[in-house]
Amino acid sequence: MQSDDDSLPDADGIDRRGFLHCMTWAGTGVLWTLSGGLPRSVGLGAALAAEPTSAFSFLQISDSHVGFSKSANPDALATLSQAVDRIRALPSKPAFMIHTGDISHLSKDQEFDDADQIIREAGLPVLYVPGEHDLLDDGQGKAYLDRYGAGSRGAGWYSFDHSGVHFIGLVNVVNLKAGGLGNLGDEQLEWMEADVAGLASSTPIVVFAHIPLWTVYPEWGWGTSDGIRALSYLRRFGSVTVLNGHIHQVMQKVEGNIAFHTARSTAFPQPAPGAAPSPGPVTVPAGELGKYLGTASVDFVRGDQPLAIVDQPLIG
């Protein structure tokens, strides 16, 4: 839902006007700053070494998978804790964090509880959308909505404004299509079209969802079946940034006015598209997990210049 001012949730994660509730960051992340309405991001390593700045900034994190404990990462909760330690060490606090889904691994109350306990230590509000792993309970996502969905619409979508930037959180993990492709559905798409209809074309837009809105690799369900329709509503805007998770690796694309960026998982890597028989957790040699859960530095420039990404692994 759209706010009519620049306010965000209080420190306890609940906006007093009721439009959002909050979660937090895991393992790795990207620090985004907004200057002149244009998103620019730096890896957490660079941010830790930087002088404090007055620029508006926010963090993107994704795919915490709290509860996952297989060989690819025996303790995903520990990875989350390490990430929060890094956030707390930042010289200048971001305004909030965005979590692009799969907070939990199996949608269990204990997994959400454990994530919440670590998250609160960051001292920042977090805006989030669910991943498919957050909707596995018997109520088909009721546990997620009861805990995090205050003020959202439908399965958990919403929008808000901050410092002249319009943010849209979408849910594309309900009623997945063949092969696991994401799906937004008519109700959400009609809401989105109405949500942006009254905005000036000069308004910077940030969209975030779990599954990529662009087609990365449809054979593995890495795309959204009706994503083209959603993106069509954004073509008239001069600056659009789309943030996603789900594929557990950094990938980027610039198409006209829209810059796409997928975040690494904070729990485990997945293979590059087509590099394995199927997607899934990849076990790397002992001591090297941090190389695959690193941070990324991303620069976004209005116009036709490409989005530049510099990978910054946690180790190496």
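Any read-out appearing in this document is the output of simple, stated calculations on the displayed coordinates, not a laboratory observation. All values derive from a computational prediction rather than experimental measurement. Ideal geometry is used to build each Cβ from the backbone, glycine not excepted, and the neighbour counts take in all protein chains shown.
Proximity of backbone amide H atoms, modeled 1.01 Å from N, is registered between PHE68 and ALA76, HIS105 at under 5 Å, excluding neighbours fewer than 5 places apart on the same chain.
With neighbours defined as other Cβ atoms within 10 Å of a residue's Cβ, the residues GLU111, GLU187 order from fewest to most as GLU187, GLU111.
Amide H to amide H distances under 5 Å link VAL173 with ASN183, where only residues 5 or more positions off or on other chains count and H is placed in the peptide plane. The phi torsions of the range 282-292, fed into the Karplus equation with coefficients 6.51, -1.76 and 1.60 and a -60° offset, translate into couplings of 10, 8, 9, x, 3, x, 10, 4, x, 5, 9 Hz, rounded to whole numbers, with Gly and Pro shown as x.
For the range 43-199, what is one quarter of the convex hull surface built on the Cα atoms, given in nm²? For the Cα atoms of the range 43-199, the hull's average projected area reads 10.8 nm².
Taking other C-beta atoms within 10 angstrom as a stand-in for reagent exposure, ILE258, ILE168 fall in the order ILE258, ILE168, fewest first.
Amide H contacts for VAL242 (H built 1.01 Å from N in the peptide plane; partners 5 or more residues away or on another chain; cut-off under 5 Å): VAL207, ALA259, PHE260, HIS261.
For the range 67-132, the orientation-averaged shadow of the C-alpha convex hull comes to 4.6 nm² (one quarter of the hull surface).
Remark: LEU243, LEU234 ranked as LEU234, LEU243, counting other beta-carbon atoms within 10 Å and listing the fewest first.
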